[in-house]
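Participant: Could you have a look at this structure, given as structure tokens, before my questions?
The values are calculated or read from the model by the stated rules, or taken from the named source; none is laboratory data. Please read these numbers as outputs of a predicted model, since none were measured by experiment. Neighbour counts run over all protein chains shown; Cβ positions are idealised from the backbone, glycine included. Surface areas here come from the heavy atoms of the whole protein model, side chains and all, with no ligands, DNA or RNA. Shrake-Rupley method; radii C 1.70, N 1.55, O 1.52, S 1.80 Å.
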Amino acid sequence: MSLADFVVVANRLPVDRVVGPDGEDEWRTSPGGLVAALEPMMRSARGAWVGWAGQPDIELDRFEINGIDLIPVPLSGEEVADYYEGFANDTIWPLYHDVIAPPQYHREWWEAYVKVNRRFAEAAADVVAPNGTVWVHDYQLQLVPQMIRELRDDVTIGYFHHIPFPAHGLYAQLPWRDQVLKGLLGADVIGFQRAQDATYFLTAVRRRLRHEVKGSSVTVPTADGTRTAVARAFPISIDTAPYLELAARPEVRARAAEIRASLGNPKKILLGVDRLDYTKGIRHRIKAYGELLEDGRLNVDDVTLVQVASPSRERVDAYVHLRDEIELAVGRINGDHDTMGHTAIRYLHQGYPREEMVALYLAADVMLVTALRDGMNLVAKEYVATRADNRGVLVLSEFTGAADELRQAVRVNPHDIAGLKDAIMTAVEMSPAEQGKRMRSLRRRVLENDVNAWSSSFLRALDDVRRR
Ligand code: G6P
């Protein structure tokens with residue numbers, strides 16, 4: 001088995017299973033920003049990616065796709081239920097998103113999490129070359145850094161946390177809080193989205209483990225002395241090139257016009273694009289919009305809200321309830337306000353290819369990002385990257401990581417429905433000159449700080465630690 005100098009470890013492999021021309025299964029790379037950012041590096045440095053193929057009970061051999069070695073980690077049906085749907089998405093996810101939904105604490109889920117994290121760590125330790133680099137991603141794998149270190153103390157280990165890290169008062173609820181901190185501290189560099197996340201993590205480390213913390217450095221005791229781990233913010237971004245390229249294509253622009261026409265040519269199209277997740281503030285957005293129609297500040301002949309809510313984690317109870325609530329609210333509002341020619345909300349519980357999303361972004365006069373808590377929110381950055389025409393308004397929740405960077409957006413607190421309604425009106429009524437001024441500044445920020453800048457700066461920090 002060939003070894004890799006650079007190994008990415010993430011819950012999911014960057015592939016989708018598709019049915020080939022003869023009806024057999026095939027794998028295709030999924031077009032995520034993370035793959036795009038790491039692909040060049042993976043090709044030049046003998047790279048491998050360790051992850052789950054997304055389906056229970058299948059054993060796949062190692063395979064190669066577009067020059068990347070993929071190393072599938074199998075999960076049984078029970079492990080999907082306990083590790084993925086359970087501990088990752090019904091314990092850690094709600095706890096780290098400020099308990100918007102109540103986290104469930106179950107000892108069997110924790111045991112499955114430990115067991116599966118060990119499987120990922122072993123797969124990485126088996127494939128990494130002597131003195132190589134391993135980059136672990138996200139909350140599903142918080143124990144993996146320390147587990148790899150125990151198996152292979154010659155390798156440099158990075159960890160990036162894509163979601164928020166909670167304040168200590170909330171974090172302290174976790175029955176396994178010390179084990180998780182120790183797992184993360186196995187990394188040489190622990191990256192977060194916002195400075196605030198890093199601060200909360202360092203506070204938890206100081207208060208729970210009593211390690212010495214100076215600035216962003218932690219002194220971690222080891223069997224034979226101490227080592228240093230660094231925890232700080234590296235805000236993630238998108239691969240901007242495909243958005244610019246698609247936005248310039250005549251057929252995509254034509255599709256944007258077609259979308260507008262198919263909605264009855266409203267004066268303003270408002271857009272929401274989210275995984276159907278309770279962290280996204282979809283209910284708050286729909287409530288505010290419904291009240292604006294009710295109050296007569298907006299009229300269904302002039303505006304339509306397009307809400308794309310892609311299916312997600314559909315076997316977790318909180319997601320099942322959320323879907324019911326949203327669909328009830330959408331049905332009520334449409335029932336009250338639709339006319340034969342115009343709909344208040346065009347709700348789509350579907351995912352779309354990137355090309356269709358870019359057409360939607362181009363059609364949208366106002367983009368509504370009203371998350372109650374979000375590590376970054378890449379949809380906000382996709383919208384901005386797409387709008388090379390310097391038109392359109394981004395309404396952005398202050399509880400997203402993106403709000404730290406995208407200062408020229410219309411900022412909202414989505415819990416404040418009156419404030420959210422006013423922000424939507426500000427966006428709907430904004431003059432083209434003001435839109436242009438804000439969009440130019442937003443675009444400068446997003447185009448300069450793309451996902452390549454993000455991965456380079458993380459890997460540079462990892463390199464600094466290695467040299468020290
Ligand atoms: C968030 C997480 C990712 C996760 C994605 C989709 O962005 O940070 O780690 O992959 O949601 O969720 P899923 O459960 O389908 O992988």
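Participant: Could you check the spin-label model distance between ASP416 and THR219? Points 7 Å from the Cα along Cα→Cβ, value in nm.
Facilitator: Distance between label points: 4.4 nm.
Participant: Sort the following peptides by mean Cβ neighbour count (other Cβ atoms within 10 Å, averaged over residues), highest first: 267-276, 170-179.
Facilitator: 267-276, 170-179
Participant: What are the ³J(HN,Hα) values, in whole Hz, obtained from phi via the Karplus relation 6.51 cos²θ - 1.76 cosθ + 1.60 with θ = phi - 60°, for each residue of the stretch 6-23 in sequence order, with x given for Gly and Pro?
Facilitator: Result, rounded to whole Hz: 10, 10, 9, 10, 9, 3, 10, 6, x, 9, 10, 8, 10, 8, x, x, 9, x.
Participant: Something else now. Checking a compactness column here: for the chain, what do you get for Rg(Cα) / (2.2 N^0.38 Å), N being the number of residues?
Facilitator: Details: Rg = 22.7 Å, N = 468, 2.2 N^0.38 = 22.8 Å.
Computed over Cα atoms of the chain, the ratio equals 1.00.
Participant: Here is a follow-up. Relative to the compact-globule scaling 2.2 N^0.38 Å, provide the ratio for the alpha-carbon radius of gyration of the stretch 240-449.
Facilitator: 0.95
Participant: Also: Step through the residues of the stretch 453-463 one at a time and calculate ³J(HN,Hα) from phi using the Karplus curve (6.51 cos²θ - 1.76 cosθ + 1.60, θ = phi - 60°), rounding each to whole Hz and writing x for Gly and Pro.
Facilitator: Once rounded to whole Hz, the list reads 4, 4, 5, 4, 5, 5, 5, 5, 4, 5, 5.
Participant: From the phi angles alone, apply the Karplus equation (6.51, -1.76, 1.60; θ = phi - 60°) to the stretch 300-314 and give each ³J(HN,Hα) in whole Hz, x where the residue is Gly or Pro.
Facilitator: Residue by residue, the stretch 300-314 yields 5, 6, 9, 10, 9, 9, 9, 10, 8, 10, 7, x, 8, 6, 6 Hz.
Participant: Also, I was wondering about something else. Ignoring everything except DSSP H segments at least 4 long, calculate the 222 nm mean residue ellipticity for the chain; use -39,500 (n - 2.57) per segment, divide by total residues, nearest 500.
Facilitator: So the helix-based figure for the chain works out to -12500 deg cm²/dmol.
Participant: Could you order the peptides 394-406, 252-264, 369-381 from most to least packed, using the average number of other C-beta atoms within 10 Å per residue?
Facilitator: Numbers: 394-406: 23.5, 252-264: 15.2, 369-381: 25.5.
The most tightly packed comes first, giving 369-381, 394-406, 252-264.
Participant: For ILE65, what residues show an amide H to amide H distance below 5 Å, using hydrogens built from the backbone and excluding near sequence neighbours?
Facilitator: Amide H neighbours of ILE65: LEU70.
Participant: Just how large is the dipole of the stretch 240-449 about the Cα centre, in debye to the nearest 20, putting +1 at every Lys and Arg Cβ and -1 at every Asp and Glu Cβ?
Facilitator: Charge dipole of the stretch 240-449: 640 debye, to the nearest 20.
Participant: As a test question: what accessible area, to the nearest 10 Å², does TRP109 have when a 1.4 Å probe is rolled over all protein chains in place?
Facilitator: Accessible surface of TRP109 is approximately 40 Å².
Participant: Let me ask something additional. Please arrange GLU382, GLU111 by accessible surface area, largest first, computed with a 1.4 Å probe and ligands excluded.
Facilitator: Sorted descending by solvent-accessible area, the residues read GLU111, GLU382.
Participant: Quick check: the angle from helix 317-337's long axis to the longest principal axis of the chain, C-alpha only, nearest 10 degrees?
Facilitator: 10 degrees
Participant: Another question, if that's okay. Contour minus end-to-end for ARG444 and LEU209, with contour as 0.36 nm per residue of separation and end-to-end as the Cα-Cα distance?
Facilitator: Extra length available between ARG444 and LEU209 comes to 80.5 nm.
Participant: Considering the Cα trace of the stretch 180-233, what is its radius of gyration and what is Dmax, both in angstroms?
Facilitator: 10.2, 33
Participant: Oh, and also: What residues qualify as long-range amide H neighbours of ASP338, i.e. H under 5 Å apart, gap of 5 or more or another chain, H built at 1.01 Å from N?
Facilitator: Excluding prolines and chain starts, which carry no amide H, the hits are ALA344.
Participant: Taking amide H positions as placed in the peptide plane 1.01 Å from N, state which residues far from GLN307 in sequence (5 or more) or on other chains have amide H under 5 Å from it.
Facilitator: GLY272, ARG346, TYR347, LEU348
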